[in-house]
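**Q** First the structure, then my questions, so here it is.
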């Protein structure tokens, strides 16, 4: 018994001893008034460091510091800006010539040339994971060591924005050819940070690339810590173990806001949640029924209650930060007019139908709230929750009445969403699960897709937005919010609506 | 004894075959296309098909199972669907982390559980006994994720003594980061150990040989240590062994709360992403660990109780009988 007591005493005194010990964080502190390491907390691990495989946000949040793309989009203005290509010219509606910056080097010291660009784009096109971003490309031709000509299959307006997506990252040809699996765990790119180490499910560490063409990043090290439990991320931010924490739990937002040492950042994301009506099935083939449902949903109430005040009511299936967004105004909540429309459509007593959703708690809660709202206009909705794979395959087959979907406009260009969700050629698996097939909609989608003239594109998308609101094949519900918390020593952090943020300009005061 | 161990090891083969068979078919037959889960709801039909071919999902189920088993016998657990990294290396990478946590958790459980269990039994129905029983009931009932968060709030946020999450580097760093998850894990297990020790001791305490020992004038301390505890240990060892076997497979909740990079989290991640090779690899590993710990527990019985040892070795039994008769 004495021995056991001794062990207990030793254990307790060790705790007290550790309490006085210096933390790892302090040991990392650099000189010059700023820390040499930024510690970032995120909910999930990097799936793959290969930019042509790991397309999930937690992966790209790390890899977009390692790999650069031909062009980039400015997180604030949304404009396309040069990156690996110092400039470009549109030779014809299907040909883009890119002039590669001379003197660029990969982290292993190899020169970055046209050869690497062609190899990378061809590799991305062949990738089962990310080809959909670059499969508009017909051919990449090397004109000289620093010039490539990208030919598209058809005139494609969003070419530059697609090439700015991190999945089109430029990788070193020689390294990948010699070691085809190398990028998965030991990535080498030409971005502002070099890969240092990865402890799966624990952390990923990057080090500033001193020879980066824009100059070395502000902070020497980035450490991405994987903390799956959201409330623990907030605690770690409060204790100072983290400088930046991504994806704050809705219930923690207030706690961060009220903490004077912390800063809460929030912006509408590029994700829209919407209901798709299956227009192949009655009564959803009736425009008035679709409009009635749109009018019966009080979106602001959903934002304020189910979403605890985060995000915004949606008026379109593309978010405001997307190129081509035109505000048509959120549907007015008007149950009386909705009942009237149902009556005119031949359903004075309403009807019964189902609303499918995948087994994600917040999505299910949203559907349950919508179910109650529709009950008020006489529509009895059965919310059917199913596993994600089943949900996708059965809704692809058009078995649903209504489905609750989420869509991210990953390229920040309206075409990405409009073409997939509204074009008649994209019914089913590609995304058009309302099965809309409208010649005018197709014409406007095609016009926006094929024109290289940005004004023509913007006009087409404005007309399209108005047309779609009238047709009401989908009911846009909410735009989710991108959230992050930082301690107030963090300087230069910009929240990108896309969900992965660039940290080369960020520094943390000691 | 040697023969017994070999027999037990051979018996693990059908267990593992059964495990792979059940898990493979359950994972494959439950709805949900791994390709769709990996690529998300925005992937095109072509991309989905490409991914299915890449993962070998275009082949019939039985062919896939046969291929998997063929590779398994050569020690190849395949590549993870999600990150295309060999499953075996990921499992081996994570095992030491899980083992550290499991051993610490069990140590906490034993350090807290056995003394309190003994005291409770010896002072049955006193305030001390009732208090410890209430606390152990609370300990058993309290969910790990809640206890973990409370400990984090107190020791990391309020007192600032310990890191709230993660696995620290260096000896001191590791120990500091280990305290909270080990306490979380150990408290639940300790509650079981307390109850098990108490009831097992109570059974022994009333035995005639205890009265005899007391009559012989042996000190109470010696009686507790040599006569009561040793005889009460078998059920305790069984319970602790089972707990330890489970913990070695990864304490999913505790690992998730404290961002401990162990097998439990690897398994949760792979189940949610329907990463069949990764789930199979982790489950096979878990089954091996469980069988192995069970075997160790059985061997330990022999050391605790000479009667069991004599059953393992028939020659010894005969000789002894011969002597007696």
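Only the coordinates and a few stated rules stand behind these numbers; no lab work does. Here the structure is a predicted model, which means the values were calculated and not measured. Here Cβ is always computed from backbone atoms with ideal geometry, including for glycine, and neighbour counts include all displayed protein chains.
**Q** Sort region B:216-291 into rounded, prolate or oblate with this rule: let a ≥ b ≥ c be the square roots of the eigenvalues of the Cα gyration tensor; rounded if a/c is under 1.5, and if a/c is not under 1.5, prolate when a/b is larger than b/c, oblate otherwise.
**A** On the way: a/c = 6.61, a/b = 3.05, b/c = 2.16.
Since a/c reaches 1.5 and a/b is larger than b/c, the shape of region B:216-291 is classed as prolate.
**Q** Ok, one more. Quick one: length gained pulling residue B:137 to residue B:218 fully straight, 0.36 nm per residue minus the C-alpha distance?
**A** Details: separation 81, 0.36 × 81 = 29.16 nm, distance 3.44 nm.
That works out to 25.7 nm of additional length.
**Q** Further question: Note down the Stokes-Einstein diffusion coefficient of region A:291-344 in µm²/s, whole number, using a Kirkwood radius over alpha carbon pairs, 20 °C, and 1.002 mPa s. If you can, show how the numbers build up before the last one.
**A** On the way: Rh = 12.3 Å.
Rounded, D is 174 µm²/s.
**Q** PRE reach from residue A:360 (point 7 Å along Cα→Cβ): which of region A:32-72 fall under 12 Å by backbone N?
**A** The answer is A:57.
**Q** While we're on this one: First check a/c for region A:319-380, with a ≥ b ≥ c the square roots of the eigenvalues of its C-alpha gyration tensor; if it is under 1.5, answer rounded, and if not, answer prolate when a/b is larger than b/c or oblate otherwise. Could you put the intermediate results ahead of the total?
**A** Numbers: a/c = 2.59, a/b = 1.26, b/c = 2.07.
Oblate is the answer for region A:319-380, as a/c is 1.5 or above yet b/c matches or exceeds a/b.
**Q** Here is a follow-up. Please average, across the residues of A:249-261, the number of beta carbons from any other chain that are within 10 Å of each residue's own beta carbon, and give a whole number.
**A** 0
**Q** Quick one: which of A:214-224, A:168-178, A:414-424, B:216-226 comes out on top by average Cβ neighbours within 10 Å, and what's the full order, highest first? Walk me through the numbers on the way to the answer.
**A** Values: A:214-224: 18.5, A:168-178: 20.5, A:414-424: 24.4, B:216-226: 12.0.
Answer by packing, highest mean first, reads A:414-424, A:168-178, A:214-224, B:216-226.
**Q** To make sure I understand, if each residue's beta carbon is the centre and we count other beta carbons within 10 Å, what order do B:5, A:137, A:38 fall in, fewest to most?
**A** On the way: B:5 14, A:137 22, A:38 26.
Lowest to highest Cβ neighbour count: B:5, A:137, A:38.
**Q** Still on this structure, I have one more. For chain B, calculate the relative contact order in percent as a whole number, restricting contacts to Cα pairs under 8 Å that are 6 or more residues apart. Each step should come with its number before you reach the end.
**A** Details: 366 pairs, mean separation 80.0, N = 325.
It rounds to 25 percent for chain B.
**Q** Hey, got the Cα dimensions of region B:1-138 along the principal axes, in Å, largest first?
**A** Rounded to whole Å, the extents work out to 72, 48, 26 Å.
**Q** Extending each Cα 7 Å along its Cβ direction at residue B:292 and residue A:424, get the distance between those two points in nm, one decimal.
**A** It works out to 6.3 nm between the two label points.
**Q** From the C-alpha gyration tensor of region A:173-250, pull out the three semi-axes of the equivalent ellipsoid (sqrt of 5λ each), sorted largest to smallest, in whole Å.
**A** On the way: eigenvalues 165, 59, 16 Å².
That gives 29, 17, 9 Å for the three semi-axes.
**Q** Provide Rg and Dmax in Å for chain B, with only Cα atoms included in the calculation.
**A** 24.5, 85
**Q** Hey, with R₀ at 30 Å, roughly what FRET efficiency would residue A:467 and residue A:343 work out to, going by the Cβ-Cβ distance, to 0.05? Walk me through the numbers before you get to the answer.
**A** Working: r = 25 Å, r/R0 = 0.85.
Approximately 0.75, to the nearest 0.05.
**Q** Which order do peptides A:103-112, B:121-130 fall in by mean Cβ count within 10 Å, highest first? Write down the numbers at each step before the final one.
**A** On the way: A:103-112: 16.7, B:121-130: 14.0.
Result, highest mean Cβ count within 10 Å first: A:103-112, B:121-130.
**Q** Then there is this: What Rg and what Dmax come out for region B:128-262 when only alpha-carbon atoms are used, in angstroms?
**A** 18.9, 56
**Q** Report the Rg/Rh value for region A:47-120, based on alpha-carbon coordinates and the Kirkwood definition of Rh. Intermediate results must be reported in sequence, preceding the final value.
**A** On the way: Rg = 13.8 Å, Rh = 13.9 Å.
My calculation of the ratio gives 0.99.
**Q** Just rank B:69, B:167, A:386, fewest to most, by other beta-carbon atoms within 10 angstrom.
**A** Working: B:69 13, B:167 23, A:386 18.
Fewest-to-most ranking of B:69, B:167, A:386: B:69, A:386, B:167.
**Q** If you take each beta carbon of peptide A:92-104 and count the beta carbons of other chains within 10 angstrom, what is the mean? The partial results should precede the final answer.
**A** On the way: counts 0, 0, 0, 0, 0, 0, 0, 0, 0, 0, 0, 0, 0.
If you average over the peptide's residues, the count of other-chain Cβ atoms is 0.
**Q** Also: If you take the beta carbon distance between residue A:92 and residue A:287 as r and set R0 to 41 Å, what does 1/(1 + (r/R0)^6) give as a FRET efficiency, to the nearest 0.05?
**A** It comes out at approximately 0.55.
**Q** Report, as an integer, the average count of C-beta atoms from other chains found within 10 Å of each Cβ along A:199-208. Don't skip to the end; give the middle numbers.
**A** Numbers: counts 6, 10, 17, 9, 4, 0, 0, 0, 0, 0.
What the average comes to for A:199-208 is 5.
**Q** Taking 8 Å as the Cα distance limit and 6 or more residues as the minimum spacing, I'd like the relative contact order of chain A as a percentage.
**A** Values: 1092 pairs, mean separation 97.5, N = 510.
The normalised contact order for chain A reaches 19 percent.
**Q** Three principal axis extents, largest first, for the C-alpha atoms of region A:363-510, in Å?
**A** Here the spans come out as 59, 42, 30 Å, largest first.
**Q** Additional query: Need one number for region B:6-81: average projected area of the convex hull over its C-alpha atoms, nm². Provide the component values of the computation, followed by the final result.
**A** Numbers: hull surface 23.1 nm².
Taking a quarter of the hull surface, the average projection is 5.8 nm².
**Q** Using the alpha carbon gyration tensor of region A:133-220, what are the three equivalent-ellipsoid semi-axes (square root of 5 times each eigenvalue), largest first, in whole Å? Spell out each step's value before the answer.
**A** Numbers: eigenvalues 164, 53, 43 Å².
Rounded to whole Å, the semi-axes are 29, 16, 15.
**Q** If packing is taken as the average count of other Cβ atoms within 10 Å, what order do A:244-250, B:198-204 fall into, highest mean first? Write out the running numbers ahead of the final one.
**A** Numbers: A:244-250: 22.6, B:198-204: 19.0.
So the peptides A:244-250, B:198-204, ranked by packing, come out A:244-250, B:198-204.
**Q** If Rh is defined by the Kirkwood formula over all Cα pairs and Rg also comes from Cα, what ratio Rg/Rh do you get for region B:91-138? Don't jump to the answer; show the numbers that get you there.
**A** Numbers: Rg = 15.5 Å, Rh = 12.4 Å.
Rounded to two decimals, Rg/Rh equals 1.25.
**Q** Among B:155, A:284, B:303, which comes first, then next, by fewest other beta-carbon atoms within 10 Å?
**A** Working: B:155 19, A:284 22, B:303 10.
Listed from fewest to most nearby Cβ atoms, that is B:303, B:155, A:284.
**Q** Now for a different question. Using the alpha carbons of the protein assembly as shown, what is the convex hull volume per residue in cubic angstrom, as a whole number? Let's see the in-between values first.
**A** Numbers: hull volume 165.2 nm³, N = 835.
Cα-based convex hull of the protein assembly as shown, divided per residue, equals 198 Å³.
**Q** Sticking with this one: What is the Å³ per residue value for the convex hull set by the Cα atoms of region B:49-111? Don't skip to the end; give the middle numbers.
**A** Details: hull volume 7.8 nm³, N = 63.
Given the Cα convex hull of region B:49-111, per-residue volume reads 123 Å³.
**Q** What is the ratio of the Cα radius of gyration of region A:339-433 to 2.2 N^0.38 Å, with N the residue count, to two decimals?
**A** Values: Rg = 15.1 Å, N = 95, 2.2 N^0.38 = 12.4 Å.
Dividing the Cα Rg of region A:339-433 by 2.2 N^0.38 Å gives 1.22.
**Q** Tell me whether region A:269-400 comes out rounded, prolate or oblate; compute the Cα gyration tensor, take square roots of the eigenvalues as a ≥ b ≥ c, and use a/c under 1.5 as the rounded threshold.
**A** Judged from the Cα gyration tensor, region A:269-400 comes out rounded (a/c under 1.5).
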